[in-house]
Every structure is written in structure tokens, then in C-alpha cells.
1. Counting just the residues of the stretch 173-194 that are within 18 Å of F161 (Cβ to Cβ) and open to solvent by 90 Å² or more (accessible area, probe 1.4 Å), which one comes out modelled with the highest pLDDT?
2. Does P149 meet the test of being surrounded by fewer than 17 Cβ atoms within 10 Å (Cβ to Cβ), modelled with pLDDT under 95, not in a strand (DSSP E or B) and not hydrophobic (A, V, I, L, M, F, W, C)?
3. Does the stretch 109-118 hold any residues that are surrounded by fewer than 23 Cβ atoms within 10 Å (Cβ to Cβ) and without any contact (Cβ under 8 Å) to a residue 60 or more places away in the chain, and which are they?
4. Hey, among T31, T11, T21, which residue is free of Cβ contacts under 8 Å to residues at least 12 places away in the same chain and either of a type in the set (V, I, T) or under 28 Å from C165 (Cβ atoms) (or both)?
5. Only one of R35, R75, R28, R83 is outside any loop (DSSP other than H, G, I, E, B) and either of a type in the set (D, E, K, R) or open to solvent by 30 Å² or more (accessible area, probe 1.4 Å) (or both). Can you tell me which?
6. Among the candidates D159, D122, single out the residue that is modelled with pLDDT under 95, within 25 Å of I19 (Cβ to Cβ) and not β-branched (V, I, T).
7. Going residue by residue through the stretch 35-52, is there one that turns out to be among the hydroxyl-bearing types (S, T, Y) and without any contact (Cβ under 8 Å) to a residue 60 or more places away in the chain?
8. Failed condition for F95, given (1) surrounded by 16 or more Cβ atoms within 10 Å (Cβ to Cβ); (2) in a loop (DSSP other than H, G, I, E, B); (3) touching a Lys or Arg at 6+ places or on another chain (Cβ under 7 Å), with all others met?
Amino acid sequence: MKPIKRIESCTVVLPTTDIDTDQIMPARFLTTTSREGLGDKVFQDLRFDDSGAPRSEFPLNKPEARGCSILVAGRNFGCGSSREHAPWGLLDYGFEAVISAEIADIFRNNALKNGLVAIVVDAATHEWLLANPGARLVVDVENTTITLPDGNTCKFELDDFARYCLVEGTDQLGFLQRQLDQIETFEEMRPWKP
């Protein structure tokens, strides 16, 4: 994972509520263990029609969405089954953060563990973000704040360990590997040995 301390980007808004993980990453694309290329499959059935042509009304297909790395989503984003392919696809597509007033716990945990900053904001901020697509935001992961275009900031909650991993660019295994010297010292000092 790459370290994520600050994200500055315009937003793309997907206001639909109850977007589940199968809509984010359809089950037929779960056969791979590679993260590469999944960005092409994200929101596949919403982005494209049955013939494979892009749906012009879908927010990610609009020209102003190009290059946006912050997705503002409707309530209850990421509900449904647990699948890491959903955050993998969003990351591969180019998103670094997803913001909503409600994000499903399993999706949020999977996202944070894989380097996608999943942010829950208060209802008023969420409503403003939904009503202002393309707003330029600054997400400060270290200080857990979002700076709005008018300079006002709002706080968001982020577990200390998740924040540490995001800022350091490591996952749980990487964190443990960084503690290898202490683990080996403990193993040597403990009175019982296998």
C-alpha cells in the first residue's frame, strides 16, 4: 500500500442509496486474486448497458468525473456480502476515498485494510456534498478532517490503527512484520518453548 496522508480532489457523486458490493463489483468478476484490472469492472452493470456501451447518465461516465479520486456515495454504501474485490476495484479505478453518511461496516473495514479511505460524515455535510458534485475537497487522513471549498472543515472518525496503517502505507501483516525484532525477543525470553 502507498502511504495516504492527504487527498486533494474534486468529487464525483453517486447519490443512489443501498449500493451493495455486488453492484460495486459483480460476482462474475470475483474469480481473480489479482487487484489489477478490476477498475474496469467496477459498477459494471450500472456503467454499461447490455451491449457494453457506456450509459451517459451514469455519474462515472460523465466527462467531469475523469480524474476524480473522491467518490461521494448515497447512504448505506457497500452493503451486502463481504468481498475485498469491491474496494480493490474502486482503488484500481482511481478512487482514494469514499464518503457517505452511512457505509456498511464490513465494506468499510475491507476498504480501510486495503488503502481506500472510507469516511462517514454527518448528515448535513453529506447532503451538501451530494448537492455539490465536483466540489474540490482536501481530506487530511492524519488529522481526520475534510476541508470544504469554502474553507470550513468537518471532522470524521477513524480508528487509530486504521489511520496509522493508511498514513504509514502498511497493512496488518506489514505492521506485524515491522515488529519482528520485538516478536523474536519475546520468543527468546518466554519461559516455555514449543
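1. Out of the qualifying residues, it is Q182.
2. no
3. Selection gives N109, N110, L112, K113.
4. T31
5. Working: R35 fails: outside any loop (DSSP other than H, G, I, E, B); R75 fails: outside any loop (DSSP other than H, G, I, E, B); R83 fails: outside any loop (DSSP other than H, G, I, E, B).
Sole residue among the options that is outside any loop (DSSP other than H, G, I, E, B) and either of a type in the set (D, E, K, R) or open to solvent by 30 Å² or more (accessible area, probe 1.4 Å) (or both): R28.
6. Values: D122 fails: modelled with pLDDT under 95.
Residue meeting the stated conditions: D159.
7. yes
8. (3)
The values are calculated or read from the model by the stated rules, or taken from the named source; none is laboratory data. Predicted model, so just to flag it, every value in this text is computed and none were measured. All Cβ positions, glycine included, derive from the backbone under ideal geometry; neighbour counts span all protein chains shown. Just the protein is used for accessible areas: all its heavy atoms, side chains included, with ligands, DNA and RNA removed. Shrake-Rupley method; radii C 1.70, N 1.55, O 1.52, S 1.80 Å.
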